[in-house]
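Engineer: Provided herewith is a single structure, encoded as structure tokens, for subsequent inquiry.
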């Protein structure tokens, strides 16, 4: 099963809460803003989340899942959004999350390790609730 962005957000929120994070805000659907803002101790974490397919009610849904070009475009937009957020919130921490999906890993899996050099964490989110950071 291919996870939507909303499904990925919900799974990641559950994981964060189980690990002591307080969810300050989150966005589902076409809502604008940071997908997840969470706080733990003195750390604030902004997370941009991407999905493997569009929501069923998405006005732009054309395929059953995102192809490699769309995956790379979404990844690039997430990086730009995070860099903009880093400029506005320099004392905070940032991450990008993707479903743990074969097609996504094939398209950008070799790129996600480079995020560390930009000060951006990366999470792989599984449908079973497992979350791994690379």
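Residues are listed down the side, and each one gets a yes or a no for (1) assigned to a loop (DSSP other than H, G, I, E, B); (2) under 15 Å from residue 4 (Cα atoms):
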position	(1), (2)
78	no, no
81	no, no
103	no, yes
110	yes, no
115	no, no
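Engineer: Consider only pairs whose beta carbons are under 7 Å apart and that are at least six residues apart or on different chains; among these, list those whose first residue lies in segment 80-103 and is more than 25 Å from residue 126 (Cβ to Cβ) and whose second residue is modelled with pLDDT under 95 and surrounded by 14 or more Cβ atoms within 10 Å (Cβ to Cβ).
Structural biologist: 85/34
Engineer: Give 99, 113, 90 a once-over and let me know the one that is within 12 Å of the chain's Cα centre (by Cα), modelled with pLDDT of 95 or more and either surrounded by 16 or more Cβ atoms within 10 Å (Cβ to Cβ) or over 22 Å from residue 28 (Cα atoms) (or both). Outline the logic, then answer.
Structural biologist: On the way: 113 fails: within 12 Å of the chain's Cα centre (by Cα); 90 fails: within 12 Å of the chain's Cα centre (by Cα).
Going through 99, 113, 90 in turn, just one is within 12 Å of the chain's Cα centre (by Cα), modelled with pLDDT of 95 or more and either surrounded by 16 or more Cβ atoms within 10 Å (Cβ to Cβ) or over 22 Å from residue 28 (Cα atoms) (or both): 99.
Engineer: Considering (1) surrounded by fewer than 21 Cβ atoms within 10 Å (Cβ to Cβ); (2) modelled with pLDDT of 95 or more, say which one residue 31 fails and leave the rest.
Structural biologist: So the condition that residue 31 fails would be (2).
Engineer: Being within 21 Å of residue 6 (Cβ to Cβ) and in a helix (DSSP H, G or I), is that true of even one residue in segment 90-99? Let's see the steps before the verdict.
Structural biologist: The initial filter retains those residues of segment 90-99 that are within 21 Å of residue 6 (Cβ to Cβ), namely 94-99.
From what is left, the residues that are in a helix (DSSP H, G or I) are none.
No, segment 90-99 has no match at all.
The values are calculated or read from the model by the stated rules, or taken from the named source; none is laboratory data. This structure is a prediction, so every number in the text was calculated from the model and none was measured. Neighbour counts are summed over all protein chains in view; Cβ atoms, including those assigned to glycine, are modelled from backbone coordinates with ideal geometry.
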